[in-house]
């Protein structure tokens, strides 16, 4: 760099430096103005203090206790009002005893009546191999207790918050749905979460069952994410310092659930990256959209498939799954006031690439072969509150098994090219923001030639701490 | 697929760098006000030293707001959040703060200001039970309908602004002193103007005006919501109408953000005027600041009470 340029650069950088300023008439004028401002400031304060004194003398009562802790010298010189002391908040009465530190407790009660034209025990999604214990389909017929969810949350210390959601299932089993800690003091838009939690991929995945707008999750979630993807691991999210909402997330996890499987290795079984943006359009519209990518590993993942003859067969998949999700939601409420009417339109597209090897008919034929498939699915749903307390919703969805290539096992497994579809309609009544009763009708065409007509009647109640629901 | 992922990561990294370098260099204190009345108060006290953004409008129900992406982004970039508190924003503010990744706004931090902490509350439930509707443990949160309580909040808020922005502490103190003087004069004027309203029996659609009644001495004889936060039902409206035969009311009041139909129904069937009150800044054309809010509220009450006479 030439010397002259360097000197010019140094000068340019130093120019705004106050040390280089010289006294001039302009500076003196500025000083005068400053002095005048200070004088005016003191006059105002003095006047206010005089008024206070007069008011105090007139009433001959003590001035109201200042319910504030001004850390700086300038006292807020308020002209008090006659009845002010009675209106000021009394010193905050902290709760007594150890119980005042109890976490916020909430309990979700939910029950279901289901009526289906096909036997739920034989439910399968044609072309999709799912884990033996996959939660797919309408569940059981007749009356059943749906998941009872116990939620606990509290601030742990000034830097961390903790929350847990314990699910009590109708069959008397218990599972830890979520149990995580989360930072609140990292700043710079960063939040770190660790423990077990629902992954932030897509739109619907992180939402608890009691906030769903339909009884069940879409087929695409059932077939590609094991209904809802929760994992043990950590998530770092960063919110951009812009007026436009831009949130980026990075997750690593054990990979314990479908489409991954517990591999018992040291490294991460699941990695995910999410990116979401959103905002408002005028007063009445708001939106959020994003893309997510997830990578999972599976080792000898037991899957139920369909043999070429039509019978069910257990296979084992080892390999990796890369999943892309595009999600979007748009909400409308007149002037942003959702109390009377509002509308919500949401849609997601999921596309997975599963590649590795598949052992056909584990324990019997044990025939190994390469495996590659690109299953995909989408759903679109709209929910409209047409009057206070009442909402109606429609959902349509489809799946594509994505022409699986079974390598050496080609011909042993069925591959029909059938496209599962499902349509659902619901109406729900919300006596208060803590209670909901829902009727849902659905036609599920997950298997060729066997359309399942489903009817659900459901209640969902929320007890205890007032929950705050995500967008 | 790996190459698409790599290019995706590169895109994100590029985006990060772009955002980091275009950081808005704000000198002013950035304030996110939950409700318009607190936005207006911050402007009175902060003037040019603050950059105020208001999360809700006068046409929105402050209980029922969603933690929208735009609000999360604004919470991310704020130095101070000024809200009512007393659980008014419990359905959305905690989530906003959790997702903001902004340590300055967390409960207990100086950047988290709850107005209701500085005034005495009414309707504090003796028994906490949701059979009583959406009750707030701390008491009725709609404190902004009483100018005397706003005066108290202004003191506390000015102190907080001074704490957060020491270089401008003198400016905030001066603005507070000026505001307090003007506000006291205005409050005395409103109180005198509204003297004829003392003892006036009224019906409210939601328990939104208890502090207004406490200030002006209006008497609430019935509420159209069967329980706080529960929409008026036809049977409850009929019960209110029947009860008004024994204890007549002169007006039925509702806030600008509320559905006017329950009040209109009672107005038609009980033969008393239904009156929309601005409730907060922006709730009517005249309520364009805090002074306008009370000028308009008192004027509307006097006009309607005069007409009902």
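Below is a table of values for the structure above.
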quantity	calculated
Subset tally (residues that are over 26 Å from residue B:207 (Cα atoms) and more than 9 Å from chain A (Cβ to nearest Cβ)) for segment B:151-174	5
Failed item in (1) more than 22 Å from residue B:259 (Cα to Cα); (2) within 8 Å of another protein chain (Cβ to nearest Cβ), with residue B:83 passing the rest	(2)
Odd one out for residue B:199, checked against (1) without any contact (Cβ under 8 Å) to a residue 60 or more places away in the chain; (2) within 13 Å of residue B:262 (Cβ to Cβ)	(2)
Lone qualifier among B:148, B:182, B:189 - being more than 10 Å from every other protein chain (Cβ to nearest Cβ), at pLDDT 95 or above and part of a helix (DSSP H, G or I)	B:189
Residues of segment B:192-212 that turn out to be assigned to a helix (DSSP H, G or I) and closer than 20 Å to residue B:267 by Cα, as a count	1
Odd one out for residue A:188, checked against (1) at pLDDT below 90; (2) closer than 30 Å to residue B:102 by Cβ	(1)
Scope segment B:41-51; condition farther than 13 Å from residue B:151 by Cα, in contact with a strand residue (DSSP E or B) (Cβ under 8 Å, 6 or more places away or on another chain) and not in a strand (DSSP E or B); matching residues	B:43, B:46, B:49
Residue A:105 vs. criteria under 27 Å from the mean Cα position of the chain (by Cα), assigned to a strand (DSSP E or B) and on the phi < 0 side of the Ramachandran plot	yes
Search result, residues across segment B:216-234 that are modelled with pLDDT of 95 or more and either farther than 17 Å from residue B:275 by Cβ or assigned to a loop (DSSP other than H, G, I, E, B) (or both)	B:217, B:218, B:224
Evaluation of residue A:176 against (1) assigned to a strand (DSSP E or B); (2) within 14 Å of chain B (Cβ to nearest Cβ) (one fails), failing number	(2)
Of all residues making up segment B:112-132, the number that are more than 9 Å from chain A (Cβ to nearest Cβ) and either surrounded by 15 or more Cβ atoms within 10 Å (Cβ to Cβ) or closer than 25 Å to residue B:150 by Cα (or both)	8
Search result, residues across segment A:350-369 that are in contact with a strand residue (DSSP E or B) (Cβ under 7 Å, 6 or more places away or on another chain) and in a loop (DSSP other than H, G, I, E, B)	A:361, A:362, A:366
Output for segment A:432-465, where each listed residue is without any contact (Cβ under 8 Å) to a residue 40 or more places away in the chain and part of a loop (DSSP other than H, G, I, E, B)	A:433, A:434, A:449
Residues (within 23 Å of residue B:233 (Cα to Cα) and in contact with a helix residue (DSSP H, G or I) (Cβ under 9 Å, 6 or more places away or on another chain)) located in segment B:121-135	B:123
Qualifying position, being within 9 Å of another protein chain (Cβ to nearest Cβ), in contact with a helix residue (DSSP H, G or I) (Cβ under 9 Å, 6 or more places away or on another chain), in a helix (DSSP H, G or I) and surrounded by fewer than 23 Cβ atoms within 10 Å (Cβ to Cβ), among B:104, B:109	B:104
Segment A:413-436, residues that are more than 14 Å from chain B (Cβ to nearest Cβ) and surrounded by fewer than 19 Cβ atoms within 10 Å (Cβ to Cβ)	A:414, A:415, A:416, A:417, A:418, A:419, A:421, A:423, A:425, A:427
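Residues are listed down the side, and each one gets a yes or a no for (1) more than 14 Å from every other protein chain (Cβ to nearest Cβ); (2) modelled with pLDDT of 95 or more:
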residue	(1), (2)
A:203	no, yes
A:208	no, no
A:211	no, no
A:215	yes, yes
A:222	yes, yes
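The values are calculated or read from the model by the stated rules, or taken from the named source; none is laboratory data. As the structure is a computational prediction, the values presented were derived from the model and not from experiment. With ideal geometry, Cβ positions are generated from the backbone for all residues, glycine too; neighbour counts draw on all protein chains shown.
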